[in-house]
Protein chains: 2
Amino acid sequence: MTTITSARTFDIRAPTSRTLAGSDAVHQDPDYSGAYVVLSTDGGHEGVGMTFTIGRGNDLCCAAIDQLAPLIVGRDLEELTADGAAFWRRLTNDGQLRWLGPEKGVIHLATAALVNAVWDLWAKVDDKPLWRLVCDLTPEQFVDSIDFRYLTDALDRDEALDLLRALEPTRADRIAELERIGYPAYLTSAGWLGYSESQVRDLCRQALADGWRSFKTKVGIDVASDVRRCEIMREEIGDLPLMADANQVWDVPQAIEWMTHLEPFDLRWIEEPTSPDDILGHAAIRRAIAPIGVATGEHAANRVIFKQLLQAEAIDYCQIDACRLGGVNEVLAVLLLAAEFGVPVCPHAGGLGLCEYVQHHSIIDYVCVSGSLDDRTTEFADHLHEHFVNPARIHEGRYVVPQSAGSSIDLLPDSFAELSYPDGGVWRR
Amino acid sequence: MTTITSARTFDIRAPTSRTLAGSDAVHQDPDYSGAYVVLSTDGGHEGVGMTFTIGRGNDLCCAAIDQLAPLIVGRDLEELTADGAAFWRRLTNDGQLRWLGPEKGVIHLATAALVNAVWDLWAKVDDKPLWRLVCDLTPEQFVDSIDFRYLTDALDRDEALDLLRALEPTRADRIAELERIGYPAYLTSAGWLGYSESQVRDLCRQALADGWRSFKTKVGIDVASDVRRCEIMREEIGDLPLMADANQVWDVPQAIEWMTHLEPFDLRWIEEPTSPDDILGHAAIRRAIAPIGVATGEHAANRVIFKQLLQAEAIDYCQIDACRLGGVNEVLAVLLLAAEFGVPVCPHAGGLGLCEYVQHHSIIDYVCVSGSLDDRTTEFADHLHEHFVNPARIHEGRYVVPQSAGSSIDLLPDSFAELSYPDGGVWRR
């Protein structure tokens, strides 16, 4: 038995606002941050988990983790993993804390950190990368980790089992394929809204030279500038896939009108065209702007929102977020929902640690759940990876399958100290 | 000019779990709590605001208020009230804090406290009760307090103005009517799930003797016990209106099946039959169980969720919450949306301070927005009112129109000290 003996939280922030990396129409000065939790055990293993924020309020997530932690400290890892659905239900249904969400906002971000830490611990105890741990689960073990509450009108346990069983015999083939060629990715970091035209042009050229073949730009503050940015990117990347991200800035009618100006650029999708809560709004936009696709999810609070985005035929691309959803258990639920509705999963990443996390989820999706790479691509942004012990690695525009034990989220000791807020070196200077 | 010079927060909790008051199918041991904020000004006025929680995590809301407060401290009240939409947008769109919601969970609960405090301050400076302050606004001033972002596909500024202008000439008549007869209410506190059958029976008799004519019970854990509770209440209250509240406990198919067992009891509505995020689920349940109505809203995170509940024809009753929504500005937006769609607003109340708040909103709704009392009733639960300087008052089952300045949310100094967590007297004993 492995008993969890303590949970310690750490407020980690990178001063990305100093360079406008990560800037978009709504988040104009993000400091990419992680509310980290480290679970210690009696056997000497550590499980590390994180939720992502963009600066102020990261401490609120740490404080929320501290309030949830008593629900797992003192428990045996084997108990938590044997009935993952019960473990997840316990964290999301505390009789008092639930009021703060339910299953959304700070308390759900904190849930993600703790849940991700338990899976990291499990993978390290088993000496496997997270994706391998999940791919080694039987279909029954896989679904036993999922809380199907509020999902059964769209997907129940038996339907999920059918999906998983159909792909189980061929899992090894797809693992071998990914280990050979990697998982397809696209690059966001050429098109941050705070960057100048010449910066965007230079970054596109560099990215092409590095093997990138799929790109995304930020849009949404000014039509003329959006058109100009798309022109520049099209000039640089030719007819390679190009996506655009509005980061929730428009109303529904405004989104539809704005997109008529971007029609010439053959965009694969427009991302977050309006409020992330507006399921019916996304559906209306999608109907109006086809064949341009609609993508959303990085701010979709939980599996119930994703269920409805799928039921309402509101999205062409399902963008799970490793930390906005309540950690691995809920991510697996959404992978299954998307497969049931035939919608490709293209995870959100780019912030601190998100690329490291979602590479595992995309592998799990292909190997166990969807069995397809068609129209799939996982976001990548090229910054802050230098702080990780086992950073996400890209080769020729594709994620290289990670092989170290755990979920790739451990920070280097020096980075941990340097980025600690407010006392780390980068904040004192 | 009145300048806001400081914002201080206070963690106030009542140990209601000791008596099971407030218990339901999901929240089995609530300690009704308020994260309070007191705005001080250079002129000696104080504005008091609160958000409601049920215990653990109330401190997270206080900490979130502390993070938002710098956005209003140092500002002039007149600036905030002259352009309420801009003030509200500033609070909900901080470039970093927004990530924690957006507009949901802890950060939005904290927004509610601050926004409500600004309105309380405004009402006290003008020496009016909150409802009177709003009823004295012109239609233009009323809509200028609303951020229409994400609403314009359902309701824009001009449509809102039309609604308000149509009722403006007759506002005084409705105020006079309410001051004469009060605003219709219903009683929840006879039917908490933790209460015994004989307790429920005794409470119904007492309530009838006190003049109550409309009741609600909790359901959702056990069909047989729900049927028994409805039988008892029907025996006691005859054919007076009876509602039931499931507090999110069911899946969609389960809700539909469960309600067949409660069909004999002529329920006016079933409240929160499933996840508060499940707009399409509520719509499916409503279609299946008509003529029993569907009510929800106390956990509807923001105006975008309400917009969709109305667009999808998912609810018969719109249950705004004074603190789940981002304070008065967003409450006014939802009153207008509900009127536009012809759905009656029946506010959620019952927790600490919520009755005190929503009495103002219901008066505003009748006087300025809907102009109707048909099928309207505002929740009341009979506990904790003794802690307020100007508590909500009921006469013959109707709210008495409050006349003191402000939003009725000030606590008595002794109660403030007694309920302070963790050092107040009630927590030390």
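The values are calculated or read from the model by the stated rules, or taken from the named source; none is laboratory data. Keep in mind that what you see is a predicted model, and the values were worked out from it rather than measured. Positions of Cβ are generated from backbone atoms using ideal geometry, with glycine treated the same way; all protein chains shown enter the neighbour counts.
The residues listed here are B:Arg376, B:Arg303; of these, the one that is in contact with a helix residue (DSSP H, G or I) (Cβ under 8 Å, 6 or more places away or on another chain), crowded, with 24+ Cβ neighbours inside 10 Å and of a type in the set (Lys, Arg) is B:Arg303. Each residue in segment B:263-281 was checked for being out of contact with any strand residue (DSSP E or B) (no Cβ under 7 Å at 6 or more places or on another chain) and either within 14 Å of chain A (Cβ to nearest Cβ) or surrounded by 21 or more Cβ atoms within 10 Å (Cβ to Cβ) (or both), and 7 of them qualify. The residue pairs whose first member lies in segment B:121-142 and is β-branched (Val, Ile, Thr), whose second member is part of a helix (DSSP H, G or I), and whose beta carbons are closer than 6 Å, counting only pairs six or more residues apart or on different chains, are B:Val134/B:Ile364. Please tell me if B:Thr9 is in a strand (DSSP E or B), touching a residue at least 40 places away in the same chain (Cβ under 8 Å), hydroxyl-bearing (Ser, Thr, Tyr) and within 14 Å of chain A (Cβ to nearest Cβ). For B:Thr9, the condition - in a strand (DSSP E or B), touching a residue at least 40 places away in the same chain (Cβ under 8 Å), hydroxyl-bearing (Ser, Thr, Tyr) and within 14 Å of chain A (Cβ to nearest Cβ) - is met.
B:Leu68 fulfils the conditions (1) at the interface with another protein chain (Cβ under 10 Å from one of its Cβ atoms); (2) of a type outside the set (Lys, Arg); (3) over 23 Å from the mean Cα position of the chain (by Cα) except for a single criterion, (3). Can you find a residue in segment A:151-162 that is surrounded by fewer than 21 Cβ atoms within 10 Å (Cβ to Cβ), within 14 Å of another protein chain (Cβ to nearest Cβ) and in contact with a Phe, Trp or Tyr (Cβ under 8 Å, 6 or more places away or on another chain)? Yes, segment A:151-162 contains a residue that is surrounded by fewer than 21 Cβ atoms within 10 Å (Cβ to Cβ), within 14 Å of another protein chain (Cβ to nearest Cβ) and in contact with a Phe, Trp or Tyr (Cβ under 8 Å, 6 or more places away or on another chain). So which residues in segment B:303-339 are within 21 Å of B:Ala113 (Cα to Cα) and small (Gly, Ala, Ser), if there are any at all? Those that are within 21 Å of B:Ala113 (Cα to Cα) and small (Gly, Ala, Ser): B:Ala322, B:Gly326, B:Gly327, B:Ala333. Here is a check on your reading of the model: is A:Gly191 touching a Phe, Trp or Tyr at 6+ places or on another chain (Cβ under 6 Å) and either touching a residue at least 24 places away in the same chain (Cβ under 8 Å) or closer than 30 Å to A:Thr16 by Cβ (or both)? Taking the combined requirement at face value, the residue does not satisfy it.
Which one is farthest from the other protein chains (Cβ to nearest Cβ) among residues in segment A:138-150 that are of a type in the set (Phe, Trp, Tyr) and buried (at least 20 other Cβ atoms within 10 Å of the Cβ)? The qualifying residue farthest from the other protein chains (Cβ to nearest Cβ) is A:Phe142. Taken together, the residues in segment B:417-426 that are out of contact with any helix residue (DSSP H, G or I) (no Cβ under 8 Å at 6 or more places or on another chain) and either at pLDDT below 95 or assigned to a helix (DSSP H, G or I) (or both) amount to 0. Tell me which residues, restricted to segment A:39-81, are free of Cβ contacts under 8 Å to residues at least 12 places away in the same chain and under 26 Å from A:Ile146 (Cβ atoms). If the condition is that a residue be free of Cβ contacts under 8 Å to residues at least 12 places away in the same chain and under 26 Å from A:Ile146 (Cβ atoms), then A:Pro70, A:Glu79 are the ones that fit.
Determine, yes or no, whether B:Arg75 is farther than 20 Å from B:Glu386 by Cβ, surrounded by fewer than 24 Cβ atoms within 10 Å (Cβ to Cβ), among the charged types (D, E, K, R) and away from chain A (no Cβ under 14 Å). Against the criterion (farther than 20 Å from B:Glu386 by Cβ, surrounded by fewer than 24 Cβ atoms within 10 Å (Cβ to Cβ), among the charged types (D, E, K, R) and away from chain A (no Cβ under 14 Å)), B:Arg75 qualifies. Within segment A:12-39, the set of residues being within 14 Å of chain B (Cβ to nearest Cβ) and among the polar types (S, T, N, Q) comprises A:Thr16, A:Ser17, A:Ser23, A:Gln28, A:Ser33.
Screening segment B:19-64 for residues that are more than 19 Å from the chain's Cα centre (by Cα) and of a type in the set (Val, Ile, Thr) and picking the one that is farthest from B:Tyr357 (Cα to Cα) gives B:Thr19.
Note on segment B:318-339: residues that are within 14 Å of another protein chain (Cβ to nearest Cβ) and closer than 14 Å to B:Phe52 by Cβ amount to 5. The single condition from (1) more than 14 Å from every other protein chain (Cβ to nearest Cβ); (2) buried (at least 24 other Cβ atoms within 10 Å of the Cβ); (3) out of contact with any helix residue (DSSP H, G or I) (no Cβ under 7 Å at 6 or more places or on another chain); (4) free of Cβ contacts under 8 Å to residues at least 60 places away in the same chain that A:Gly342 fails is (2). Scanning segment A:282-293 for residues that are touching a residue at least 12 places away in the same chain (Cβ under 8 Å), farther than 17 Å from A:His348 by Cβ and either within 14 Å of chain B (Cβ to nearest Cβ) or in contact with a Phe, Trp or Tyr (Cβ under 9 Å, 6 or more places away or on another chain) (or both) yields A:Ala283, A:Ala284, A:Ile285, A:Arg286, A:Ala288, A:Ile292. Taking helices (runs of 4 or more DSSP H) that fall entirely within segment A:299-408, which contain at least 2 residues that are at pLDDT 95 or above and of a type in the set (Gly, Ala, Ser)? Once the helices (runs of 4 or more DSSP H) in segment A:299-408 are filtered for at least 2 residues that are at pLDDT 95 or above and of a type in the set (Gly, Ala, Ser), what remains is A:328-341. Given the condition without any contact (Cβ under 8 Å) to a residue 12 or more places away in the chain and either surrounded by fewer than 19 Cβ atoms within 10 Å (Cβ to Cβ) or farther than 17 Å from A:Val367 by Cβ (or both), answer yes or no: does some residue in segment A:108-117 qualify? Taking every residue of segment A:108-117 in turn, none turns out to be without any contact (Cβ under 8 Å) to a residue 12 or more places away in the chain and either surrounded by fewer than 19 Cβ atoms within 10 Å (Cβ to Cβ) or farther than 17 Å from A:Val367 by Cβ (or both). Of the residues making up segment B:118-137, those that are under 21 Å from B:Tyr366 (Cα atoms) and crowded, with 23+ Cβ neighbours inside 10 Å are B:Trp119, B:Asp120, B:Ala123, B:Pro129, B:Leu130, B:Trp131, B:Leu133, B:Val134. State yes or no: is B:Arg376 under 17 Å from B:Ala185 (Cα atoms), without any contact (Cβ under 8 Å) to a residue 24 or more places away in the chain and within 17 Å of the chain's Cα centre (by Cα)? For B:Arg376, the condition - under 17 Å from B:Ala185 (Cα atoms), without any contact (Cβ under 8 Å) to a residue 24 or more places away in the chain and within 17 Å of the chain's Cα centre (by Cα) - is not met.
Cβ-Cβ distances below 9 Å connect the following pairs, each with a first residue in segment A:173-188 that is within 20 Å of A:Leu208 (Cβ to Cβ) and touching a residue at least 24 places away in the same chain (Cβ under 8 Å), a second residue that is surrounded by fewer than 14 Cβ atoms within 10 Å (Cβ to Cβ) and of a type outside the set (S, T, N, Q), and a separation of six or more residues or different chains: A:Ile181/A:Glu396; A:Gly182/A:His395; A:Gly182/A:Glu396; A:Leu187/A:Asp210. Filtered by the rule that a residue be of a type in the set (Phe, Trp, Tyr) and either at pLDDT below 95 or part of a helix (DSSP H, G or I) (or both), segment A:263-278 gives a lone residue, A:Phe265.
Looking at B:Asp42, B:Asp59, just one residue is at the interface with chain A (Cβ under 9 Å from one of its Cβ atoms) and modelled with pLDDT of 95 or more, and that residue is B:Asp59.
Annotation: of all residues in segment A:306-317 being surrounded by 24 or more Cβ atoms within 10 Å (Cβ to Cβ) and under 19 Å from A:Val249 (Cα atoms), the one that is farthest from the other protein chains (Cβ to nearest Cβ) is A:Ile315.
Tallying residues that are on the phi < 0 side of the Ramachandran plot and either more than 14 Å from chain A (Cβ to nearest Cβ) or in contact with a strand residue (DSSP E or B) (Cβ under 7 Å, 6 or more places away or on another chain) (or both) within segment B:86-129 yields 24. Please tell me if B:Pro102 is in contact with a Pro (Cβ under 8 Å, 6 or more places away or on another chain), farther than 30 Å from A:Ala300 by Cβ and not polar (S, T, N, Q). It is false that B:Pro102 is in contact with a Pro (Cβ under 8 Å, 6 or more places away or on another chain), farther than 30 Å from A:Ala300 by Cβ and not polar (S, T, N, Q).
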